[in-house]
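Enquirer: The structure under discussion is supplied below as structure tokens; questions concerning it will follow.
Every number in this text was worked out from the coordinates using simple rules, so none of it is lab data. Keep in mind it's a predicted model, so treat the numbers as computed, not measured. We place every Cβ from the backbone using ideal geometry, glycine too, and count neighbours over all the protein chains shown.
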Amino acid sequence: MIAPEAAGLKLSLRPPYRPQALNISLNQAGIALLAALGLLGIVMYVVKLITAWGDRAEWAYPTVVLMFILSTATAAPLIAYASRMAKGYWALPLRRVAALYAVPSLLSFVLLIPIMASLPPLEGRSNLWFGFSAGAPFLTDALALAILLLTGMALLWFSAVPDLAGPPSRVRAMGRWQRLLYLNWSGTARQWKVLRAANLTLGAFYLMGYAFVHMLLTTDLGQSLLPGWRSGIFPVYSAVTGIQAGIAITLLTAALMRRFSPEAGRFVGDEQASALGKILVAATLMWFYFFWSDFLLIWYARLPSEVAAMQVTVAITYILPFVLTAVLMFALPLGLLIFNKVRQSLSLIAGVSALIVVGILFDRIRFFVAPMANPSPFGHAMHELPAPYWPNALDILFIIGFIGLMFAVFVYAASRIPVLNGWEMRQGSMLRKERTFMKTHVLVIGKPD
Amino acid sequence: MQSQAKRELLALYEEPDQAADAVERLHSAGFDDNDIEILSSTPYPEGAFGEGHTKHRLFAFPFAGAACGMAVGIAWIVGAQVSLPIITGGKPIVAVPAIIQILYEGTLLGAVLFTVLGVLFESRLPDGVGLYDDRISEGYIGISVMARERRLPDAQIALEEASPIDLLSKEGSLMHAPGTT
Amino acid sequence: MQEPVVADTKTSNRELLDFVFAWPAWFFAVGGALNGLLVAAFWVVILMLMCGLQFLGYSHPVYWGFLIVNFVFWIGVSHAGIMVSAILRLTQAEWRRPVTRAAEVLTIFSLLTAVQFPLIHSGRPWRTMYWTFPYDWNRGAWPNPRSPLVWDPSAIFTYLTSTILFVYVALLPDLALARDRAPNPVSRAIYGVLAMGFRGTTRQWRIQTVAGLLLSAIILPIFVSVHSIVSWDFAVTSVPGWHNTIFAPYFVIGAVHSGVSAVVTVMIVMRYAFGLKRFITRDHIDSLARLLIVVATVWLFFFLLDFFFGLYGTEPAEVDTWQRRLVEPPWVVIAITFIICAYIIPVPMWMFRAIRRNFFWMFVTTILVNVGMWLERYMVVVPALERKSGLTFTYGDYAPSLSEFILVAASFALVILGFLTFSKLLPIMPAADIKEGQILADRIRVGRANVPAAMRE
């Protein structure tokens, strides 16, 4: 049984308790470092815009960063949605943390625009648009991503309004538009009902949008630029490994929250590690399953065009990032996560999560650098394997800066919106109690319809 | 020597709380968890009767089984391929990607087989020795205690104080029917 | 959350064992009819062995017809049992309790039925032994483990063995219950031997709980591998329409879709046939229907990925196959029927709570799903083979024969008969598990509301 302290049962969540946003200041070393990295990211982005507009190879590593954001920050809010769907109360203290990653996800759109501008015409290369010409892929991909990001923001905002709005008198005193923004919130039974339905519906759309965007971007920025690469499983691989990394980044954030923000961190503990740890094991196994389902078919059928593409992403050209991916996203995490001790300790599982987050960066390198840097994306097969395109100093600074910017935006968002979902936690605390059953103690969990 | 032999008593209780009470009384009378068995037709949360944590090594069995399954898998796959070295589909004689499927299945089959063996071993099955009564499957809780001959009265008193509906030994019921002496 | 089943232990025992110890007349009537179908199928197989595969209507280039479609279909149905049982155990979903055993038993008999079809299809079933097992020491003819046709038996054998053992371990307490309640000494002795002296000690219950979780965790990867390997029978080839990397997860999720639907169908039949109205409630089918909405939608997404990435390279052979599947008659009719049955009708209906909680509509929609999924497998297998490739010089037309229909009908008969026989001999609902649910059921008061709750250790 999870200790009552870890489950937050001993903590009073009744009013006047209100969750707080993070209190940050540039005087704090970590915050200052993040701010500096964020600034570096912005500078590097501007430098790229000025010096490399339209040069596809130059945007290869920014594409890696784009896919990294889509696979970590954009995936994290799914935890909030899925746990609501499954009535997993263990996730209550993590739902807002996960949902907050919708804010740094917005950076992916900023990256997408110049990357799309560097793509060659669709004619003469394999693609998913089959002659559909209404702005594909530029408008379509941008639109799909924009809808996904807006849905994520709506999910975050709707779930945060009850915590942000304050008492009804405050909302009534707001201006018309501000009142609308705050959904005219006064906490009536009807509003709560609508809010819960909205959260579930938007969550379902977010999940579908997430899968759809992965299908579009993995094809338009990946497969269709590397002749011979035709893999129906790749979009799913990308989405599922994204969820693996999304879980990892949420656990990592939870561990940091516990370490550096005692006010919010006291609610986060081994219960969350234990529950998310099981899902992380499943997601880690999924990495191998989807990789293997892809690899085996190409290896077995031995069609030269497909084999060449596999040689680029796995066996020859980008073998180093592949090996690092396999070790960091599969072998090491699985080897560690099978132990209960690791899975049930937030500190230990955060270490494993860090490996996965680094691993997914290498994974995206092996998949997206080769297509973006491929000088001849036309045709149905490669005549020779392209040379590896390793990052230069600017690329490395871009990667570090932009990922730093992603975390800086997250921290900023967490300083404006409480990192705990107060109303859901209050509801959760009403539906959980510890009691004595015969001669033992049990946890009682209520699950209303 | 006879006084050293252990005998078993089985008391049946209508209510789980009575059974828990009996366990407590047995503990107070100096019997430990190794002497006491709680029999029920359904699992209760661990510790509900005041019994201690059940230690077991079931988690070790699948690992051992997986290792054996993998070893057997490797032996027969590699053996079969080397014994009939015909190249098919341009693949090497011992083609690792192609044989991983069978290795995988062998490994997991080994894990399952050993886990089931582990279940029987850790459950102490087959078991045809202990006292039992059909009424347990009707919802009554059985408390069985193993006691040396000289401690048998202590056990009987502890069990009876918790108001059982019946008290059994190997010879039959020790409780008098109402109205008899 | 679902309301727990409310019944005292004696009533639960009586109702759960009622069918085991009773001999209703309909059991003999239904059993007799099913056996009649099996006898007919037996004669078809004998004739086929004597005349060859052309007796079933096969000729070059289509040698995989109903038999292989049926094999894939039943492997698919078999996926429900373990998926439902293992995942719900691991997630400690309270509503799993009455569902798990039936689902697991469905797995066993679906698998056993599925295995018959490649054996029959081989034309010489006895030879399959040395194609798959390395036992022919004297002749030096060894199986080829590089072939997916050897991976298949190894996966199915593992899955079948594991499922039987999984069911047996979970059955031990119920065998003990059957032993205690058996009406005569012979059945008491048989149940007694099978129960191995299970007495329900705290240790035995503890091991039961841990074993349930442990075996679930081990069997889940097996379950995923089985249908993946079946899909690789097709996908590792370079046959247009089959060679797509999405095939493995597409087959697995399709199997779950069809399997969970079959579980719902079976549970609704059990509810009325075995008098289990107290144990199979609207809450159970509601929960399964919610699960089905998610599964069906993922399945549709994977189907679309298969379609898109089939056309993606615009290679003439692939395009030709998809054109045959989706545009040319009679395939277009089958394609429209399958997508309507497997998704367009059931999923929108399941969105409504009233439908999800209605036994009649759930019965109809889940049957529709399996009609659709059978047709889907047919559409995957046959059109890809029918395509005339450059090096095909002899063409025969393929149309399903009466014999094939008999074999398909017999496969349903075999699964139903197996399930019925199991239910006749052993408790089809995990009595101990259901009773545990009653013990762990609790309530939490929030204001005036009394919310159903469950205790967790």
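Enquirer: Neighbour counts of other C-beta atoms within 10 Å: give me B:49, A:330 arranged from fewest to most.
Expert: Values: B:49 24, A:330 20.
Exposure proxy ranking, most exposed first: A:330, B:49.
Enquirer: When all C-alpha to C-alpha distances in the range C:320-364 are sorted into bins of 5 Å, what percent of pairs does each bin hold, rounded to whole numbers?
Expert: 5, 21, 20, 15, 11, 10, 10, 6, 1
Enquirer: If you take all C-alpha pairs in chain A, what percent of them are over 34 Å apart? Intermediate results must be reported in sequence, preceding the final value.
Expert: Details: 34879 of 100576 pairs.
Cα-Cα pairs in chain A separated by more than 34 Å: 35 percent.
Enquirer: Find the eigenvalues of the gyration tensor of the Cα atoms of chain C, then list the square roots of 5 times those eigenvalues as equivalent ellipsoid semi-axes, largest first, in whole angstrom. Working shown, then result.
Expert: Values: eigenvalues 317, 142, 86 Å².
The three semi-axes for chain C are 40, 27, 21 Å.
Enquirer: In the range C:266-332, which trypsin sites (Lys or Arg not before Pro) fall in coil by DSSP and have 13 or fewer other Cβ atoms within 10 Å?
Expert: Values: sites: C:271, C:277, C:278, C:282, C:290, C:324, C:325; in loops: C:277, C:278.
Passing both the DSSP loop test and the Cβ count: C:277.
Enquirer: How do B:120-127, A:205-212, C:428-435, A:188-195 rank on mean C-beta neighbours within 10 Å, highest first?
Expert: Numbers: B:120-127: 17.2, A:205-212: 19.6, C:428-435: 24.8, A:188-195: 11.9.
My ranking of the peptides, most packed first, is C:428-435, A:205-212, B:120-127, A:188-195.
Enquirer: Where does the charge balance sit around residue A:83 when Lys and Arg score +1, Asp and Glu -1, over other residues with C-beta under 11 Å from its C-beta? Each step should come with its number before you reach the end.
Expert: Values: positive: A:84, A:87, A:95; negative: A:424.
Every neighbour counted, the sum reads +2.
Enquirer: Taking 7 Å along the Cα-to-C-beta vector as the label spot, tell me the residue A:169-residue A:200 distance in nanometres, rounded to one decimal.
Expert: That separation, rounded to one decimal, is 3.6 nm.
Enquirer: How well do other chains shield peptide B:71-81, expressed as the mean number of their Cβ atoms within 10 Å of each residue Cβ?
Expert: 3
Enquirer: For helix A:346-373, what angle does its Cα long axis make with the longest principal axis of chain A, in degrees from 0 to 90 and rounded to 10?
Expert: Compared with the principal axis, the helix lies near 30 degrees.
Enquirer: Another question, if that's okay. Give the separation of the Cα centroids, the range C:1-74 to the range C:375-423, in Å.
Expert: Using only Cα atoms to place each centre, the spacing works out to 17 Å.
Enquirer: If I model a spin label as a point 7 Å beyond the Cα along the Cα-Cβ vector, how far apart are those points for residue A:109 and residue C:340 in nm?
Expert: For residue A:109 paired with residue C:340, the spin-label model returns 4.1 nm.
Enquirer: Hey, another quick one. Residues of B:126-136, mean number of Cβ from any other protein chain within 10 Å of their own Cβ, rounded to a whole number? Can you show the working numbers first?
Expert: Details: counts 5, 7, 5, 2, 3, 1, 8, 2, 7, 1, 6.
Mean partner-chain Cβ count within 10 Å for B:126-136: 4.
Enquirer: Based on other C-beta atoms within 10 Å, arrange A:220, B:32, C:174 from fewest to most. Before the final figure, lay out the partial values.
Expert: Values: A:220 23, B:32 9, C:174 26.
The fewest-first ordering by Cβ neighbours comes to B:32, A:220, C:174.
Enquirer: Please compute the alpha carbon radius of gyration of the protein assembly as shown, then divide it by the globular-protein estimate 2.2 N^0.38 Å. Two decimals is fine. It would help to have the intermediate numbers written out before the result.
Expert: On the way: Rg = 31.2 Å, N = 1087, 2.2 N^0.38 = 31.3 Å.
Here the answer is 0.99, to two decimals.
Enquirer: Along each of its three principal axes, how wide is the spread of alpha-carbon positions in the range C:292-366, in whole angstrom units, largest first?
Expert: Computed over the range C:292-366, the largest-to-smallest principal extents equal 47, 25, 12 Å.
Enquirer: Quick one: what does P(r) look like for the range B:60-122 with 5 Å bins over all Cα pairs, in whole %?
Expert: Binned Cα distances yield the sequence 4, 20, 22, 18, 13, 10, 7, 4, 2, 1.
Enquirer: Determine the shielding of peptide C:227-237 by partner chains: average, over its residues, the number of Cβ atoms on other chains within 10 angstrom of each Cβ. Walk me through the numbers before you get to the answer.
Expert: Numbers: counts 0, 5, 4, 0, 2, 5, 0, 0, 6, 9, 4.
Counting other chains' Cβ atoms within 10 Å and averaging over C:227-237 gives 3.
Enquirer: Does anyone have the angle between helix A:270-301 and the longest principal axis of chain A? Alpha-carbon axes, 0 to 90°, nearest 10?
Expert: 20 degrees
Enquirer: Counting helices only, and only those DSSP H runs with n ≥ 4, report the 222 nm mean residue ellipticity of the protein assembly as shown as the sum of -39,500 (n - 2.57) divided by its residues, in deg cm²/dmol to the nearest 500. List each step's numbers first, then the result.
Expert: Numbers: 41 runs with 681 residues, N = 1087.
Computed mean residue ellipticity for the protein assembly as shown: -21000 deg cm²/dmol.
Enquirer: How would you rank B:156-169, C:184-197, B:7-20, highest first, on the average number of other Cβ atoms within 10 Å across their residues? Walk me through the numbers before you get to the answer.
Expert: Details: B:156-169: 17.6, C:184-197: 15.2, B:7-20: 20.8.
Descending packing order for the listed peptides: B:7-20, B:156-169, C:184-197.
Enquirer: Sticking with this one: If packing is taken as the mean number of other Cβ atoms within 10 Å per residue, what is the order of B:130-142, C:100-112, highest first?
Expert: Numbers: B:130-142: 20.8, C:100-112: 24.5.
Top to bottom by mean Cβ count within 10 Å: C:100-112, B:130-142.
Enquirer: To continue, here is another question. For the range A:211-330, what does the convex hull of the Cα positions come to per residue, in cubic angstrom?
Expert: Numbers: hull volume 14.2 nm³, N = 120.
Measuring per residue, one finds 119 Å³ for the Cα hull of the range A:211-330.
Enquirer: Taking the Cα atoms only, what angle lies between the long axis of helix C:431-440 and the longest principal axis of chain C, rounded to 10 degrees?
Expert: Helix C:431-440 sits roughly 60 degrees off the main axis of chain C.
Enquirer: Please turn the phi angles of the range A:121-126 into ³J(HN,Hα) values with the Karplus equation 6.51 cos²θ - 1.76 cosθ + 1.60 (θ = phi - 60°), one per residue in order, whole Hz, x for glycine and proline.
Expert: For the range A:121-126, the Karplus curve yields x, 6, 4, x, 9, 5 Hz.
Enquirer: How would you rank B:53, C:257, C:243, going from fewest to most other Cβ atoms within 10 Å of each one's own Cβ?
Expert: Numbers: B:53 9, C:257 29, C:243 23.
The fewest-first ordering by Cβ neighbours comes to B:53, C:243, C:257.
Enquirer: Check chain C and count each lysine pair with an alpha-carbon distance under 24 angstrom, considering only pairs eight or more places apart or from different chains.
Expert: Numbers: C:10/C:277; C:10/C:424; C:10/C:435; C:277/C:424; C:277/C:435; C:424/C:435.
Final tally of qualifying lysine pairs is 6.
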